[in-house]
């Protein structure tokens with residue numbers, strides 16, 4: 001049995017979970033999330049808990065069991081507390097600023113790079129070298145953060161670029177001079 005899949009998901013106060021066929025809806029103080037899960041899985045809401053069960057021990061059912069439980073758990077966590085990703089901008093002259101709903105980034109290009117907020121994603125730039133991306137859907141927050149990071153990924157020689165907070169960049173040695 002999957003150790004993660006077996007654990008029940010406790011539904012906190014203020015969160016509603018509804019299951020209809022293969023669809024699940026989670027409503028909470030921060031918003032509402034909808035998702036479909038694999039028809040092989042069985043999801044039940046009982047006594048303030050969500051239980052995910054599988055029909056047999058075939059490989060596909062085993063691999064979907066923990067995944068389904070984790071996805072539902074992330075939905076409950078998202079509508080209750082939300083998710084955020086922190087990005088750091090490093091490099092001389094590299095800076096970010098929030099203008100309305102747009103994030104304006106100076107990243108060493110001849111032009112400014114502008115990224116707009118979406119309905120699901122909110123962007124915050126507390127200072128010139130930090131970007132905070134917030135939302136209730138963990139997958140969308142991570143994808144948006146990856147797209148922002150992609151505008152100028154960190155390079156291995158000087159480490160300049162956009163990186164996740166706490167990300168370690170493996171540095172390369174530059175050109176060696178001629179030996180005598």
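Structure above, values below:
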{"read-out": "Out of 82, 91, 108, 135, sole residue that is farther than 30 Å from residue 19 by Cα and buried (at least 16 other Cβ atoms within 10 Å of the Cβ)", "value": "91"}
{"read-out": "Per-region count, the range 116-172, residues touching a helix residue (DSSP H, G or I) at 6+ places or on another chain (Cβ under 8 Å) and in a loop (DSSP other than H, G, I, E, B)", "value": "5"}
{"read-out": "Enumeration of residues in the range 26-39 that are surrounded by 14 or more Cβ atoms within 10 Å (Cβ to Cβ) and under 13 Å from residue 78 (Cβ atoms)", "value": "26, 27, 28, 30, 31, 33, 35"}
{"read-out": "Test: residue in the range 12-26 that is at pLDDT 95 or above and closer than 28 Å to residue 164 by Cβ", "value": "yes"}
{"read-out": "Close pairs (6 angstrom Cβ cut-off, 6 or more residues apart or separate chains): on the phi > 0 side of the Ramachandran plot in the range 25-40, surrounded by 14 or more Cβ atoms within 10 Å (Cβ to Cβ) and not in a strand (DSSP E or B) anywhere", "value": "31/79; 31/136"}
{"read-out": "One residue from 118, 101 being under 30 Å from residue 35 (Cβ atoms) and either in the same structural domain as residue 29 (by TED's automatic domain parsing) or under 17 Å from the mean Cα position of the chain (by Cα) (or both)", "value": "118"}
{"read-out": "Qualifying positions in the range 49-68 - surrounded by 13 or more Cβ atoms within 10 Å (Cβ to Cβ) and not in a helix (DSSP H, G or I)", "value": "49, 50, 51, 52, 53, 54"}
{"read-out": "Subset tally (residues that are farther than 19 Å from residue 37 by Cα and under 21 Å from the mean Cα position of the chain (by Cα)) for the range 1-14", "value": "0"}
{"read-out": "Selection within the range 73-115 - in a loop (DSSP other than H, G, I, E, B), in contact with a strand residue (DSSP E or B) (Cβ under 6 Å, 6 or more places away or on another chain) and within 22 Å of residue 156 (Cβ to Cβ)", "value": "107"}
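The values are calculated or read from the model by the stated rules, or taken from the named source; none is laboratory data. This one's a predicted model, so the numbers in the text were calculated from it and none came from an experiment. Reconstructed Cβ throughout: ideal geometry from the backbone, glycine too, with neighbour counts over all protein chains shown.
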